[in-house]
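First the structure, in the form of structure tokens, and then the observations on it.
The values are calculated or read from the model by the stated rules, or taken from the named source; none is laboratory data. Here the structure is a predicted model, which is why all the values come from computation and not from measurement. Because the Cβ atoms are built from the backbone with ideal geometry, glycine has one as well, and the counts that use them run over all protein chains shown. Just the protein is used for accessible areas: all its heavy atoms, side chains included, with ligands, DNA and RNA removed. Shrake-Rupley method; radii C 1.70, N 1.55, O 1.52, S 1.80 Å.
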Amino acid sequence: METDTATIEVANTSAFADLGLPEFILKAVADAGYTQPTPIQEQAIPQLLEGKDIIGGAQTGTGKTAAFALPIIARLHKHGKTRALIMEPTRELAQQVYDALQVFAKHTNLRTALLYGGVRYGKQREQIQRGADIIVATPGRLLDFLGQRLLKLDSIETLVLDEADRMLDMGFMPDVRKIIGFTPRKRQSLLFSATVPPAIDSLSQWMLHEPVTIRIGSGTSTADTITHSIYPVDDRQKFDLLVAILDQTDYDSALIFTRTKHGADTIARWLEHRGHNIGILHSDRTQKERERAMADFRSGKSRLLVATDIVARGIDISGISHVINYDIPQHPEDYVHRIGRTGRANRDGEAVTLYTAGEQDFLRGIERFIGQKIPHSKLEDFDYNWTPVLEANSADKPKRRNRSPISSRGRKGRR
Ligand code: AMP
């Protein structure tokens, strides 16, 4: 049986109190059920309380949010001017950080504004006008407010740029640089990025002052609580194989990734047709639809969520037992981000990737990036069409033929 407790990696036994956090934070942390800081919290919190700049290589799932949020709240303590700005690449991440701030700041009178695009300005404008100590925002909407002179950033003391590599991929860097230009030169700056390509390196040199580097795991690492498997299949049988995998797997909840929005819609429609309750998440869905899909998935109302890479980074949905790559990710980093949605906080997770002819280079790229070969698998009782990738498979793993790698924990009895 899988344990339900959120046991998270603990490097040693020092508790939150030893990190120098004030009582009102310790109370909130205890209310949240955290007993021990995670490694990144242990390393970052004392440095941030001292006002140091940080460049952090930790991914989401490591406790990164609390690592930066707790010292910010501790330092702000009481309601005043807008003194902290946290930039996030997606609305979902911004919402998640905002929610975490509400929990951690519950014993203070600090106010937070959440600003992202795709929704009306009214409520967000009100939040700004009421006076927000902390702003959590995506770059586009934040720049809108700055352009309209509805918001000033000249009292910012702490600036957090989260998921900077994702910002870069999404083309936000010019906006991010402009926004940073609105903040005072003398400030505390934090930059988090799973990978550090040259553009992020130059940004960090520009925005950070004598930063402390914190790396938790490497940017290419995957949790060792995750079982990986590759399912070679003929292109025309992908959907049938997906259905068979779902039928034979005892998943709590599964996140299914497709390459395109259209692909996500199609798979979702087909699965729905087969009686599954499905959520869909991609950037053409309205904000309301996205929120609903996340809420239903979180609550367990829908146990399957079909998504494009928009949610691959950062979204913290606990208890995802399976990540299924319906389409193999074309960028190796996306593989790491996608499967990072499972196996979180030391729970077991399974990452299943469908693999068709012509995708060999992508697979090799992923294996090189994560530094391990992913075992090939065949599903029992599935009537495979011949495809060259199946041949390659049998040479690799003769013993595993006709055996599903879905672990004994994850398999239903034979039917
Ligand atoms: P994050 O990396 O910030 O997305 O956090 C991942 C998950 O770990 C979230 O569900 C947090 O609530 C949880 N978490 C963060 N810090 C701790 C901690 N010290 N103890 C237990 N759970 C934690």
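Of all residues in the stretch 240-267, those being under 26 Å from R298 (Cβ atoms) and open to solvent by less than 40 Å² (accessible area, probe 1.4 Å) number 17. Of the residues making up the stretch 244-269, those that are assigned to a helix (DSSP H, G or I) and among the basic types (K, R) are K261, R269. Only one of the listed residues (V103, V119) is open to solvent by 20 Å² or more (accessible area, probe 1.4 Å) and more than 16 Å from the ligand (Cβ to nearest atom). That residue is V119. Looking at the stretch 26-56 only, could you name the residues that are closer than 30 Å to R185 by Cβ and more than 12 Å from the ligand (Cβ to nearest atom)? If the condition is that a residue be closer than 30 Å to R185 by Cβ and more than 12 Å from the ligand (Cβ to nearest atom), then Q43, P46, Q47, L48, L49, E50, G51, K52, D53, I54, I55 are the ones that fit.
Among the conditions (1) within 15 Å of the ligand (Cβ to nearest atom); (2) modelled with pLDDT of 95 or more, T65 misses just one, which is (2). Residue count for the stretch 164-183 satisfying the condition of being open to solvent by less than 70 Å² (accessible area, probe 1.4 Å), touching a residue at least 24 places away in the same chain (Cβ under 8 Å) and over 17 Å from P211 (Cα atoms): 10.
Yes or no, residue by residue, for (1) in contact with a Gly (Cβ under 8 Å, 6 or more places away or on another chain); (2) at positive phi; (3) at pLDDT 90 or above; (4) assigned to a helix (DSSP H, G or I):
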{"residue": "L271", "(1), (2), (3), (4)": "no, no, yes, yes"}
{"residue": "D284", "(1), (2), (3), (4)": "no, no, no, no"}
{"residue": "V306", "(1), (2), (3), (4)": "yes, no, yes, no"}
{"residue": "D316", "(1), (2), (3), (4)": "yes, no, no, no"}
{"residue": "D327", "(1), (2), (3), (4)": "yes, no, yes, no"}
{"residue": "Y335", "(1), (2), (3), (4)": "no, no, no, yes"}
{"residue": "G365", "(1), (2), (3), (4)": "no, no, no, yes"}
{"residue": "R368", "(1), (2), (3), (4)": "no, no, no, yes"}
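Considering only residues that are open to solvent by 20 Å² or more (accessible area, probe 1.4 Å) and at pLDDT below 95, look in the stretch 186-205 and name the one that is nearest to Q47 (Cα to Cα). Per the criteria, the residue is Q205. Flag: E92 does not match the condition of being of a type in the set (D, E), more than 14 Å from the ligand (Cβ to nearest atom) and open to solvent by 10 Å² or more (accessible area, probe 1.4 Å). Sub-8 Å Cβ pairs linking a first residue in the stretch 24-43 that is free of Cβ contacts under 8 Å to residues at least 24 places away in the same chain to a second residue that is not in a helix (DSSP H, G or I), at least 6 apart or interchain, are T35/A15, ordered by first then second residue. Taking the stretch 150-163 as the range and being more than 16 Å from the chain's Cα centre (by Cα) and either within 21 Å of T90 (Cα to Cα) or crowded, with 20+ Cβ neighbours inside 10 Å (or both) as the test, the residues that pass are L151, L153, I156, T158, L159, V160. Suppose the filter is within 16 Å of the ligand (Cβ to nearest atom), of a type in the set (D, E) and either open to solvent by less than 30 Å² (accessible area, probe 1.4 Å) or not assigned by TED's automatic domain parsing to the domain that holds D284 (or both); does E126 pass it? In short, no.
Of everything listed in (1) buried (at least 22 other Cβ atoms within 10 Å of the Cβ); (2) part of a loop (DSSP other than H, G, I, E, B), the single unmet condition for K78 is (1). When L150 is tested against (1) within 30 Å of V196 (Cβ to Cβ); (2) touching a helix residue (DSSP H, G or I) at 6+ places or on another chain (Cβ under 7 Å), exactly one condition is not met: (1).
Which of the residues spanning the stretch 86-114 are among the aromatic types (F, W, Y) and under 20 Å from Q129 (Cβ atoms)? Within the stretch 86-114, just Y98 meets the criteria. Here I179 passes the criteria (1) within 17 Å of the chain's Cα centre (by Cα); (2) modelled with pLDDT of 90 or more except the one numbered (1). When T213 is tested against the conditions (1) β-branched (V, I, T); (2) surrounded by fewer than 20 Cβ atoms within 10 Å (Cβ to Cβ); (3) more than 22 Å from the chain's Cα centre (by Cα), the lone failure is (3).
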